[in-house]
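**Student:** Structure incoming, see below.
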């Protein structure tokens, strides 16, 4: 049974009672920091990713009318092949490509998507089931291992791609395919007699279902997402039951605990972020969506606890998360190793998704501060400046062994960072009737409807390299409404003026947002100035890896030192605790960026001779250093890198 479909809202004024993000295509990056990144991803990243999907055998899995080819990714000891979830990768690619189509027509790109959609439709089973692995290789084993094999995870990413493609083109074919798949999932899983009480161990379908609900308004889609969230972690565990049905002992589970997939207890009882980092962020994103849609304070309270646990005890200074490769996730609080940091790009991207969702329910700058940190550091580091090389892990220290790759054995990260950048506009502004929230700063133009007026907004700024922001308002007529301007958490001193008149900042800031309500007129101008000194950051004493070390940050940008800039491994440097560090714009650095320079001390090794140890410490001599934005590292010559620097 297909769902009826209502035209998606095109402006925030349709949601009078709550903040709604501006649609990404209503924000245009015509200048500034994000212009070149957006253009690179549209012109280079999206096309080359489609090429890689073909070269690596991903698209071959959709040849349903042919015998399966040999596995491109062998079965691992856990019983999982990366090929089990190939569908998710071209689902995310379709989503990213669709976001670019919303802004820029591209017949070739649209034809590539349509070709994938045609194969998916042809391969879909009569009952709506859609997963290339099981349809082609193990049709008798579908829905027998939700714990390990990512069936609904893959369908969820296909669903997100279908929603984005429909919104970009108006074409219903892919959306109808995925609605049939959702109908099948809804008939199979639930708490009614004859249904399976299961849920996918890799969260994703839940937030995809909310996206679907927002365009169909079909309550079944919201109900199904709610079921999956409420069922997660219930005792006895569904995963134990299905393992026994497969003839396996649940105790043999390779990860030993269902905390790996956040299924160790019901979601409302969780207070510490555990397990696989990407899964956790997708789960919390869905919980936040449902707290919003269902007006459920219990889910919001759980998300608040988990967000505070993550950001106060388990988050890298770059916005990276998940220190361990063994579970692609969390270990213990304050465990933040640098050289072995996993900090998967997907996890940082997903933290951005979650933080942004939290800010729509509770307009608190702590959420958008986390989003900004991710955007300028831990997520952006996952893609190269040329737009076609990537990182899976985002370490904070290297001796030269970490280099970017064109494609990965498990290439979930390239398409994830691509879909974030291609939809970047939605993160800048939110609105509701008579209220505009400005979350992020960067040169752009935007258009939105606040109910009582149509607003055209223009930001002029060199942010993040400079803290001066000029916001010009274009209005169809004079109107009274509120503008809420985020004051970044990193900023210690700031000013606001309106039409050249300084504003008294006392009493106007709540939860990190300065609120200005007045009657606005066409041509009004807001000026913000955020002081951007170079700051030294120190880690909590429980983070043993960073004892006696300092990280450098200016504005929202975290810095690192690369061997290519100083001619030796930065591990030999010692920064003076009182040494002057200056910022300057380097036009020659990868398209231009602010770099930091100052005096340091270099440990001498010439007199150390052949021994590994001796009774006296190394002597030091003065030398200059240069630090670059962390997101730009590993774009030049191979060599060592360090974020946390020794200080003396």
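**Student:** Between residue 620 and residue 332, what length in nm is gained on full extension when 0.36 nm per residue of separation is reduced by their alpha carbon distance?
**Tutor:** Result for the pair: 100.1 nm of gain on full extension.
**Student:** How do the peptides 326-338, 348-360 rank, highest first, by the average count of neighbouring beta carbon atoms within 10 Å per residue?
**Tutor:** Highest-to-lowest ranking by the protection proxy: 348-360, 326-338.
**Student:** Moving to a separate point now. Run the quick spin-label model on residue 71 and residue 582: label points 7 Å from Cα toward the beta carbon, then report their separation in nm to one decimal.
**Tutor:** 5.9
**Student:** Which FRET efficiency value, to the nearest 0.05, do you get for residue 118 and residue 466 by plugging their Cβ-Cβ distance into 1/(1 + (r/R0)^6) with R0 = 41 Å?
**Tutor:** 0.25
**Student:** Give the calculated FRET efficiency between residue 173 and residue 538 to the nearest 0.05, with a Förster radius of 51 Å applied to their Cβ-Cβ distance.
**Tutor:** Result of the calculation: an efficiency of 0.40.
**Student:** Could you list 169, 345 in order of exposure, starting from the residue whose Cβ has the fewest other Cβ atoms within 10 Å?
**Tutor:** By the 10 Å Cβ count, ascending, the order reads 169, 345.
**Student:** In addition: What distance in nm lies between label points placed 7 Å from Cα along the C-beta direction at residue 548 and residue 39?
**Tutor:** For the pair residue 548/residue 39, the computed spacing is 4.8 nm.
**Student:** While we're here: Starting with the fewest neighbours, write out 102, 66, 141 ranked by other beta-carbon atoms found within 10 Å of each beta-carbon.
**Tutor:** 66, 141, 102
**Student:** Using only the Cα atoms of region 430-530, what semi-axes does the equivalent ellipsoid have when each is the square root of 5 times a gyration tensor eigenvalue? Give whole Å, largest first.
**Tutor:** Rounded to whole Å, the semi-axes are 21, 15, 13.
**Student:** Let me ask you something else. Beta carbons within 10 angstrom, averaged per residue: use that to sort the peptides 293-301, 593-601, highest first.
**Tutor:** Per-residue mean Cβ counts within 10 Å order the peptides as 593-601, 293-301.
**Student:** While we're looking at this one, here's another question. Region 42-108 to region 597-648: how many Å between their Cα centroids?
**Tutor:** 42
**Student:** Using mean Cβ contacts within 10 Å as the protection proxy, how do 266-275, 430-439, 158-167 order, highest first?
**Tutor:** 158-167, 430-439, 266-275
**Student:** Okay, moving on. FRET efficiency for residue 217 and residue 312, Cβ-Cβ distance as r, R0 = 41 Å, nearest 0.05?
**Tutor:** It comes out at approximately 0.60.
**Student:** Work out, step by step, the length gained on full extension between residue 111 and residue 271: first 0.36 nm times the residue separation, then minus their alpha carbon distance; give nm to one decimal.
**Tutor:** Full extension of this stretch gives 53.0 nm more.
**Student:** Sticking with this one: When the label point is put 7 Å from the Cα of residue 482 along its Cα-to-beta-carbon vector, which residues of region 19-40 have a backbone N closer than 13 Å?
**Tutor:** Inside the label zone: 19.
**Student:** Let me ask you something else. Sticking with the crude label model, points 7 Å out along Cα→Cβ, report the distance from residue 104 to residue 568 in nm, one decimal please.
**Tutor:** In this crude spin-label approximation the distance works out to 4.5 nm.
**Student:** Please report 308, 506 as a ranked list, fewest other C-beta atoms within 10 angstrom at the top and most at the bottom.
**Tutor:** Fewest to most other Cβ atoms nearby, the residues stand as 506, 308.
**Student:** Where does region 188-307 land on Rg(C-alpha)/(2.2 N^0.38 Å)?
**Tutor:** Computed over Cα atoms of region 188-307, the ratio equals 1.06.
**Student:** For the chain, restrict the atom set to alpha-carbon positions and state the Rg and Dmax in Å.
**Tutor:** 25.1, 79
**Student:** Name the shape class, rounded, prolate or oblate, that the alpha-carbon gyration tensor gives for region 534-646, where a ≥ b ≥ c are the square roots of its eigenvalues, rounded holds for a/c under 1.5, and otherwise prolate holds if a/b is larger than b/c and oblate otherwise.
**Tutor:** Cα axes put region 534-646 in the prolate bin.
Coordinate-derived values only; no laboratory data. Predicted, not measured: the structure shown is a model, and the values here were computed from it. Virtual Cβ from ideal backbone geometry, glycine too; neighbours counted across all protein chains shown.
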